[in-house]
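First the structure, in the form of structure tokens, and then the observations on it.
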Amino acid sequence: MELVGSTLASTCAHPRSASATLLPAISAMTSSYKNRFPHYALPPCLGLPWRPDAYYKTASITPTLAPYSRSYQGLTPSKMLPFVSNRTALFTRYTPDDWYRSSLANCKESETSRHSAERLRVDTSWMIHDKDQQTRKTQAESTKNLGERINDIEFWKSEIRHELDEMIGETNALTDMKKRLERALAETEGPLQVAQECLLHREKRMGIDLVHDDVEKELLTEVDIIRSCQERMQRHLDNSIAQLASNRAAQHELEKDLADKQTAHRIDDKCHHLRNTSDGISYYRGVERVDATISVPDSWAKFTDDNILRSQSERAASAKLRGDIENLLVVTANEMWNQFNRVNVAFTNRIAETADAKNKIQTHLAKTLQEIFQTEMSIETIRKAIRDKVPPLKVAHTRLDERTRRPNVELCRDSAQIRLVHEVHEIDDTIQSLQQRLRDAEDTLQMLVHAKSTLEHDLAVKANSLFIDQEKCMGMRKTFPNALRLVGYV
């Protein structure tokens, strides 16, 4: 009988002998293994197979009760060992424990499904009841909010009516303060020109220093304040002619706002009295969407409040215009002087910050140069370490190559062979790690060189900014009109 790798071979009464005569020829292994470099770990398929007899050549030998030996050739067929049947082990699928566990799992699954369905029914009942209460509560809150909204509209309507009753045409001519106001307006041109020239000079800053810093913010604020003062002065000069038109414009805005609020009051009152049984209720597609362009309660109240404040301001201006001009001259002079001082303080702080940044850049530049030198030395060290790993790798390769020439059964995958293979892999991994570290070091060097270039450029930028702020801008801001000239006395 010929055994061709069947699983029945492992059930023989007597195991195979480790006789050397049944081992396969190794000449083919020798020729295939020679001059081969095992670059990676041996895959599992190249090891011993899961069936012991698959590694050996198929032999036409009849197993008997006698042990395997050189004298087995003379045995008769009557002495052959019968095979043991394995049909039960081969075709059995489940055990009684599997059957019991399956039944128990089905029962548990059914019980779980019933409990889930019961919980769903209970939760659905509670949800319907809860949503019904929530709907009634939401509608009641909406009705309450509509009532509050109607009260707010009534309040603002009364305020607008009161202001409309108080709003009358008042006009007063401006004659005494006109020349003082004109002289003060002319004196504001000098500080405005200085601030604008400072902004133009600071536009010549380079790179990252072209920043919207506190100095630029204060300069822009100074320009805005001076222009605001000029506009207020000019507005007061023209106010004697335009006061009546301003009063009429404010009155028109109040009347328009009052008409809008009356319409809104009528609509909200109708909505407030709507009920679930009212006529005319229906679906309207898209009405629940929020329009981002409409007003909000704050802007709505602020709009009416601004109209009332504008009307009050216009009324007060008609009666106190000359006093306002005197007040305006004092206020504008203080605003311009305070802003002039704030700009100077911002310039001083910015100059100090720039000088400090320049010193820090110089320090970092020196450290970067030192680090570049050390990184270059590290790169050379890594390259030397890689070169040092070449001889051990060659020795391991040579040993493996020489061991492939062992004859016959001596070509054994013993512990020395396994260790040599591991040694090759370890040296390869070490070389790859060192090469990766070399690439990282070279990338770091490039980064340091780039940082060095950036620091050198930033140093030049800081020097340029320091010259503009300290020499040009602060040199122009040494003079400023005095308080008497700003209020128009000189």
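The values are calculated or read from the model by the stated rules, or taken from the named source; none is laboratory data. Small disclaimer: the values here were computed from a predicted structure and weren't measured. Every residue, glycine among them, receives a Cβ derived from its backbone with ideal geometry; neighbour counts consider all protein chains shown. These accessible areas exclude ligands, DNA and RNA; they are computed on the full protein's heavy atoms, side chains included. Shrake-Rupley method; radii C 1.70, N 1.55, O 1.52, S 1.80 Å.
Does A366 count as small (G, A, S) and within 32 Å of the chain's Cα centre (by Cα)?
no
Looking at segment 437-486, which of its residues are among the polar types (S, T, N, Q) and under 30 Å from P191 (Cβ atoms)?
Once the filter is applied, which keeps residues that are among the polar types (S, T, N, Q) and under 30 Å from P191 (Cβ atoms), segment 437-486 yields N464, S465, Q470, T479, N482.
Taking D414, is it at pLDDT 90 or above, outside the structural domain of K204 (by the TED database), among the acidic types (D, E) and out of contact with any helix residue (DSSP H, G or I) (no Cβ under 6 Å at 6 or more places or on another chain)? Walk me through how you get there before you give the answer.
Values: at pLDDT 90 or above: no; outside the structural domain of K204 (by the TED database): yes; among the acidic types (D, E): yes; out of contact with any helix residue (DSSP H, G or I) (no Cβ under 6 Å at 6 or more places or on another chain): yes.
Considered against the rule, which asks whether it is at pLDDT 90 or above, outside the structural domain of K204 (by the TED database), among the acidic types (D, E) and out of contact with any helix residue (DSSP H, G or I) (no Cβ under 6 Å at 6 or more places or on another chain), D414 comes out as no.
Would you please name the residue that is farthest from D324 (Cα to Cα), looking only at residues in segment 233-263 that are within 47 Å of the chain's Cα centre (by Cα) and crowded, with 17+ Cβ neighbours inside 10 Å?
This residue is K261.
Determine whether segment 158-167 contains at least one residue that is open to solvent by 80 Å² or more (accessible area, probe 1.4 Å), modelled with pLDDT under 85 and assigned by the TED database to the domain that holds A242.
Taking every residue of segment 158-167 in turn, at least one turns out to be open to solvent by 80 Å² or more (accessible area, probe 1.4 Å), modelled with pLDDT under 85 and assigned by the TED database to the domain that holds A242.
One residue is enough: does segment 302-321 have a residue meeting the conditions hydroxyl-bearing (S, T, Y), closer than 25 Å to R227 by Cα, in contact with a Lys or Arg (Cβ under 9 Å, 6 or more places away or on another chain) and in the same structural domain as L185 (by the TED database)?
Within segment 302-321, none of the residues are hydroxyl-bearing (S, T, Y), closer than 25 Å to R227 by Cα, in contact with a Lys or Arg (Cβ under 9 Å, 6 or more places away or on another chain) and in the same structural domain as L185 (by the TED database).
For segment 120-152, enumerate the residues that are open to solvent by less than 100 Å² (accessible area, probe 1.4 Å) and among the β-branched types (V, I, T).
Matches in segment 120-152: V122, T124, T135, T138, T143, I150.
Might you check whether a residue that is in contact (Cβ under 8 Å) with a residue 24 or more places away in the chain and open to solvent by less than 90 Å² (accessible area, probe 1.4 Å) occurs anywhere in segment 288-298?
Taking every residue of segment 288-298 in turn, none turns out to be in contact (Cβ under 8 Å) with a residue 24 or more places away in the chain and open to solvent by less than 90 Å² (accessible area, probe 1.4 Å).
As an exercise: evaluate H425 against (1) modelled with pLDDT under 85; (2) at negative phi and give the number of the one condition it does not meet.
Single failed check for H425: (1).
The conditions are (1) surrounded by 14 or more Cβ atoms within 10 Å (Cβ to Cβ); (2) more than 24 Å from A357 (Cα to Cα); (3) in contact (Cβ under 8 Å) with a residue 24 or more places away in the chain, and V409 fails exactly one of them. Which is it?
The number of the failed condition is (1).
Here's a check for you: in segment 464-487, which residue that is at pLDDT below 80 and not β-branched (V, I, T) is surrounded by the most Cβ atoms within 10 Å (Cβ to Cβ)?
L486
Of everything in segment 122-148, what is more than 28 Å from P297 (Cα to Cα) and of a type in the set (D, E)? Give them in sequence order. If you could, list the steps in order and put the result at the bottom.
Here is the first cut: in segment 122-148, the residues more than 28 Å from P297 (Cα to Cα) are 122-133.
The answer is D123, D130, D132.
Identify all residues within segment 447-490 that are of a type in the set (F, W, Y) and assigned to a helix (DSSP H, G or I); write none if there are none.
F467
Can you find a residue that is assigned to a loop (DSSP other than H, G, I, E, B) and within 47 Å of the chain's Cα centre (by Cα) anywhere in segment 295-314?
Yes, segment 295-314 contains a residue that is assigned to a loop (DSSP other than H, G, I, E, B) and within 47 Å of the chain's Cα centre (by Cα).
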